[in-house]
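One structure is given below, encoded as C-alpha cells.
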Amino acid sequence: MADVAIIAGSASDEHIVEKAASVLSENGIDYDYEVISAHRNPDELDAYVKSSDAKIFICIAGLSAALPGVVASKTEKPVIGVPVSGTLGGIDALLSIVQMPKGVPVACVGIDNGANAAHIAIRILKL
C-alpha cells in the first residue's frame, strides 16, 4: 500500500516527479507513480483514483493543468497540485490549479516544485 500517489499528466513531467519521489524516498514514505492524462485517459484516471488506497494524491500537470482538479472531484482525500512550467512559464498551469470551485479543494505549490508537494504530503501524513 502506498501512502502517496503521484500522478503526472505527461511522461515529459518526469523531472518534476523525480523531485517529489526523492523527498518521499528520503523520508521512508511509500508512493506509487502513474502517468495518466485527465484529457487523454479520463476513464483510466477515474479507475485509478477510485481504486487507489493512497492517503494523498500529488498531481503534476502543465498547460491547462486540469489533472489536480479532476482528481479532487473524484476523491475526498487531499490533493496537492504541482504546476509545470511550459510555454507561459507555468503561470497558466498555476492559475488552473489555484482557481478551483468551492467544494473541490486543491493545495498548490510553486511552479515545478515537486519537492514541496512531497513535504506537504509528509506533514499531512504526520497528523
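Bear in mind that the values in this text are calculations on the coordinates, not laboratory data. On a predicted model such as this, the values are computed, not experimentally measured, just so you know. Every residue, glycine as well, gets a Cβ built from its backbone with ideal geometry; the counts of neighbours run over all protein chains shown.
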Inset, instruction - Note down the net charge around Val71, summing +1 for each Lys or Arg and -1 for each Asp or Glu among other residues with Cβ under 12 Å from its Cβ. - result: 0
Inset, instruction - Taking the Cβ of Gly114 as the centre, find all other residues whose Cβ is under 14 Å away and add up their charges (Lys, Arg: +1; Asp, Glu: -1). - result: -4
Inset, instruction - Give, in nm to one decimal, the length gained when the segment between Arg123 and His15 is fully stretched (0.36 nm per residue of separation minus the Cα-Cα distance). - result: 36.6 nm
Inset, instruction - Neighbouring Cβ atoms within 10 Å as the yardstick, rank Ile58, Ile29 fewest first. - result: Ile29, Ile58
Inset, instruction - Can you pull the one-decimal nm distance between simple spin-label points at Asp32 and Asp46, each 7 Å off the Cα toward Cβ? - result: 1.8 nm
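Using only helices, what value at 222 nm comes out for the chain when you add -39,500 (n - 2.57) per DSSP H run of length 4 or more and divide by the total residues, to the nearest 500 deg cm²/dmol?
-12000 deg cm²/dmol
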Inset, instruction - Kindly provide the trypsin sites (Lys or Arg not before Pro) of the range 1-104 that DSSP labels as loop, not H, G, I, E or B, and whose Cβ sees at most 13 other Cβ atoms within 10 Å. - result: Arg40, Lys102
Legend entry - Per residue, the convex hull volume that the Cα atoms of the range 1-110 enclose (Å³): 88 Å³
Legend entry - Rounded, prolate or oblate (a/c below 1.5 giving rounded, otherwise prolate when a/b exceeds b/c) for the range 77-127 by Cα gyration tensor: oblate
Inset, instruction - Within 10 Å of each residue's Cβ, count the other Cβ atoms and sort Thr87, Thr75 from fewest upward. - result: Thr87, Thr75
